[in-house]
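These notes concern the structure reproduced below.
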Amino acid sequence: MKASDAANAALIHVLEDEPEIGRLICTTLEEYGFRSELSGSGRQFLLRARQTSPELCIVDLGLPDMDGMQVVRELQERQPCAVLILTGRNDVTDRVLGLELGADDYLVKPFEPRELVARVRSILRRYLRNPNRDDDSTEPQFAAFASWRFDTQRLMLTAPDGREVHLSAAEAGLLKTLLRRPNKILNREQLLGERDVDPFDRSIDVRISRLRRKLEEDPQDPRIIKTVYGAGYMLTASVDWS
Ligand code: CA
């Protein structure tokens, strides 16, 4: 299974200023068949990310030259890709903010190399199926729902007031899944498109909460994407595809 996993050929760019940790991460990734690149500073990382177009970046938030949050923000603007954040145990606020900025998951230091690899695989499996890469040209491009309009090609939402909201590839993939089956409860497996969902994988909840921040008037009292406790999530709107 390991070797046949298509995601394993992916290039993973690691931003970690502590050389020993950075080398350990890269060695681990390579042992599992990934390609890796290591940068020790935010500036170098952003430059190289643009040159090499990695599938996934692993970003340590505690950096000497730049705010790790700023790095994630600039990365998502210039070179959108999957992001796994590494953070210290006490940086809860940073961690949450990082996910809102468009990271796909986080890992708290210190972590087991095997856990890192499991997270990386899980993110890549989802990301490599994202709507940018799928060949679903037969599907209509636009979905209208609850006075919103979603352009599945540009990954752009247009709000009822005409404001445009850009979605990350991971957010867009999740929204598409919800829009394809409106008014039905979708469980985590259905939302992730995977059978064996890691019970510790909270990335669905993270992406749902990011989508709500973009879509809902009051993200604390969501009306479009409802939580069905113990079952999953449901998009409560009629959807017109065109
Ligand atoms: Ca650091």
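The values are calculated or read from the model by the stated rules, or taken from the named source; none is laboratory data. Note that the structure is a prediction, hence the values are computed from the model and not measured. Because the Cβ atoms are built from the backbone with ideal geometry, glycine has one as well, and the counts that use them run over all protein chains shown.
State whether one or more residues within region 21-31 are more than 16 Å from the ligand (Cβ to nearest atom), modelled with pLDDT under 90 and not in a strand (DSSP E or B). Checked region 21-31: no residue is more than 16 Å from the ligand (Cβ to nearest atom), modelled with pLDDT under 90 and not in a strand (DSSP E or B). From the list Arg50, Arg73, the one residue that fits, being modelled with pLDDT under 90 and farther than 27 Å from Ile204 by Cβ, is Arg50. Per the listing Ser36, Ser41, the residue uniquely within 16 Å of the ligand (Cβ to nearest atom), assigned by TED's automatic domain parsing to the domain that holds Arg121 and modelled with pLDDT of 95 or more is Ser41. Applying the criterion of being aliphatic (A, V, I, L, M) and in contact (Cβ under 8 Å) with a residue 60 or more places away in the chain to the residues of region 206-242, the residue that is farthest from Ala144 (Cα to Cα) is Val206.
Evaluate the following for Leu63: is it aliphatic (A, V, I, L, M), at pLDDT below 90 and either closer than 22 Å to Cys26 by Cα or part of a loop (DSSP other than H, G, I, E, B) (or both)? No. Of all residues in region 51-64, those that are within 16 Å of the ligand (Cβ to nearest atom) have Cβ atoms under 6 Å from Cβ atoms of residues that are hydroxyl-bearing (Ser, Thr, Tyr), 6 or more apart or on another chain, in Leu61/Thr87.
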